[in-house]
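One structure is given below, encoded as structure tokens.
FYI, it's all coordinate maths here, none of it is from the lab. Just so you know, these numbers come straight off a predicted model, no measurement behind them. Ideal geometry is used to build each Cβ from the backbone, glycine not excepted, and the neighbour counts take in all protein chains shown.
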Amino acid sequence: MASGELLLEVRVEEVPARMLPGATRELATRLFEELVARGLTPGEVEAGFTPRRLWLILKGVPEKENDRRTRLVGPARSVAFGADGSPTKAAEGFARRLGIPVGQLRTREFSPNVDESHLTELEAGVAVRVHDPDLAKPAKVKVKGEYVYVPVVLAGRSTPAVLAELVPRLLGGLAWAKTMRWGDGSLAPWVRPVHGIVALFDGGVVPFEFLGVASGRASAGHPTLSPGPFEVADAADWRAQLGARGIEPAPEERRL
């Protein structure tokens, strides 16, 4: 499968040095784990910080999730079909959500707290392809009994779509020792005000918003020594342009 590179840079007001290593490790670890859980294991992870930015570079990230075969469970059979076997509005609505005729609905017994997601070979051959991840819930029920279900293939999402969901959630969940509010106080507290976000996958912007700041490709130099924004194409270009402005993003290199 084709793979790409993620560049993530979050620019903030100056953060106390003691807070940065742990937060950077936490962000890198949690993002790596979330991607692995989705079959998007990166080939290489690099993370670092400066007093005014946290950054990650992930290389060899697959461009999309793998398709997933599972069962989509609907209403109980007794609710989906009348005494004469005719489909009810519940069955018709369930089929309509998937864009299939009622005749394609199947029934089987499900037990509580048992993962029934694995499809048989026969089911896999007739599975409905689904592109809406909200439809694909684990095939688990609260009460044992017969339920309507449909074998489905959940189409894997593109990696930028996954990242657009994951990154702001992970940033918001970082365990900072101290946080603050700014502006009118309507935003969630964080370590420092956010000034800008670079989020690129394979050169394209990963679109999301965090604490009122939209992601893009514009970074910036030191606020007094090399002020002003500049656009970056990828991680190599980002490093080169920071270097030209006298900024070394990797903490281990700054110590040499």
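What the phi angles of the stretch 224-240 give under the Karplus curve with 6.51, -1.76 and 1.60, with θ = phi - 60°, is a coupling list of 10, 7, 8, x, x, x, 8, 8, 10, 8, 6, 5, 5, 5, 4, 4, 5 Hz, glycine and proline written as x.
Considering only DSSP beta bridges whose two residues both sit in the chain, what percent are antiparallel, to the nearest 5?
Details: 44 of 50 bridges.
Expressed as a percentage, antiparallel bridges in the chain total about 90.
Of the peptides 79-86, 158-165, the order by per-residue mean of other Cβ atoms within 10 Å, starting with the highest, comes out as 158-165, 79-86. Hey, what angle do you get for helix 159-172 against the long axis of the chain, alpha-carbon based, 0 to 90 degrees rounded to 10? In the chain, helix 159-172 runs at an angle near 60 degrees to the longest axis. For the stretch 68-154, the square roots a ≥ b ≥ c of the C-alpha gyration tensor eigenvalues yield an a/c of 1.5 or more together with a/b not exceeding b/c, which makes the shape oblate. Backbone amide hydrogens, once placed in the peptide plane, bring residue 117 within less than 5 Å of 139, excluding anything fewer than 5 places away on its chain. If R0 is taken as 45 Å, the Cβ-Cβ distance between residue 90 and residue 158 corresponds to a FRET efficiency of 0.85.
Close amide H contacts of residue 220 (hydrogens built in the peptide plane, cut-off under 5 Å, sequence separation of 5 or more or a different chain): 230. Electrostatic bookkeeping for residue 201 treats Lys and Arg as +1 and Asp and Glu as -1; over the other residues with beta carbon under 12 Å from its beta carbon, the sum is -1.
Using Cα atoms only, what is the angle between the long axis of helix 20-37 and the major principal axis of the chain, expressed in degrees (0 to 90) to the nearest 10? Compared with the principal axis, the helix lies near 30 degrees. For the stretch 68-154, a simple Cβ point-charge model (Lys and Arg +1, Asp and Glu -1, everything else neutral) yields a dipole of about 180 debye relative to the Cα centre.
Summary of the geometry: the stretch 158-189 and the stretch 22-58, compared by the centres of their Cα atoms, lie 15 Å apart.
Determine the relative contact order of the stretch 68-154: mean sequence separation of Cα pairs under 8 Å and six or more apart, normalised by residue count, in whole percent. Can you show the working numbers first?
Numbers: 160 pairs, mean separation 42.6, N = 87.
Over the stretch 68-154, the number comes to 49 percent.
Between residue 19 and residue 253, the modelled labels are 2.6 nm apart [label points 7 Å from Cα along Cα→Cβ]. In whole Hz, what ³J(HN,Hα) sequence does the stretch 114-120 give by Karplus (6.51, -1.76, 1.60; θ = phi - 60°), x for Gly and Pro? Result, rounded to whole Hz: 10, 6, 10, 6, 5, 8, 6.
Close amide-amide hydrogen proximity is noted between residue 208 and 215, each under 5 Å apart and 5 or more residues distant or on a separate chain (H modeled in the peptide plane; Pro and chain starts excluded). Short-range pairs are left out: with C-alpha atoms under 8 Å and at least six residues apart, the relative contact order of the chain is 23 percent.
Using a simple spin-label model with pseudo-atoms 7 Å out from Cα toward Cβ, residue 107 and residue 202 lie 4.5 nm apart.
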